[in-house]
1. If I fit a long axis through the Cα atoms of helix 51-69 and take the longest principal axis of the Cα atoms of the chain, what angle between them do I get, 0 to 90°, rounded to 10?
2. If the elastic network links every pair of Cα atoms under 10 Å, which of 108, 131, 32 fluctuates the most in the Gaussian network model of the chain?
3. Rounded if a/c is under 1.5, else prolate if a/b beats b/c, else oblate: with a ≥ b ≥ c from the C-alpha gyration tensor eigenvalues square-rooted, which is the chain?
4. Taking the alpha-carbon centroid of each part, what is the distance from segment 119-142 to segment 2-26 in angstrom?
5. Against the longest principal axis of the chain, how steep is helix 138-160, in degrees 0 to 90 to the nearest 10, with axes from Cα atoms?
6. Quick one: among 179, 164, 126, which has the greatest mean-square fluctuation in a GNM of the chain with alpha-carbon springs under 10 angstrom?
7. Is the shape of segment 57-163 best called rounded, prolate or oblate, per the rule: a/c under 1.5 gives rounded, else a/b larger than b/c gives prolate, else oblate, with a ≥ b ≥ c the square roots of the Cα gyration tensor eigenvalues?
8. Can you show me the helix-derived [θ] at 222 nm for the chain, built from DSSP H runs with n ≥ 4 at -39,500 (n - 2.57) apiece and divided by the number of residues, rounded to the nearest 500.
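Computed from the coordinates by the stated procedures, all read-outs in this text should not be read as laboratory data. Keep in mind that this is a model prediction, so the values were computed, not measured. A quick note on method: Cβ atoms are made from the backbone with ideal geometry, for glycine too, and the neighbour counts reach across all protein chains shown.
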C-alpha cells in the first residue's frame, strides 16, 4: 500500500502532465488523483489550498533535486557556485517548460504573489547556502533579494529562449550574477556611509 507521501508525489506527477494543456485548477488535481488510483478527495486532502499547495510542493521537490544534483562546492568560487546552482535549478525544468510557463502565469495572479515570493525566497536561500553564505547582517537579505531578481529574470528569459542548449540564457545569467556580486558593496557604502568615519 502506498504511503501518503508516495500518493502525494504520484498525484503531482499526474497533474504536471495536464497543466500544459489545462493550466492549474482543482479539477486538474482531482483528475490527477483518480489517475493516481485514489479517490478524488485526495486532491484537497493532500493539497488543502488547491493548486498553490501543489506548486509549493513541486518547488520544494525541485530545490531538493537541485541540491542532490550539485557537486561538492569545494574548490569553486562563489560566482561559480551561484551560476551552477541557478543553472541546475532551471535545467530541471526543461522537461516541464510549458508547465513552468503556465505555473509562472498562475503565480503572477495578485492573490498568489505572497506564496510565489515565499517559494522564490526558499530557492535562492538554498542557492546561497550552497554557495557557503553565512552572513547574518543586512547582507543576508541583500544577497537573497538580488539573487531573487537574477533568478526570476533568468527564468523568464529562459521561457522565451530558442537558442541551442539555451546558450543565450546562460550568458544572460552570467551577466546578471556579475552584477549581483558587485552590488552589495556599493549598497553598503551608500546605506552605511557614516561607518567610514566611525
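1. 60
2. 108
3. prolate
4. 30
5. It is inclined by approximately 50 degrees.
6. Evaluated over the chain, the most mobile residue of the options is 164.
7. Oblate.
8. Per the formula, -24000 deg cm²/dmol.
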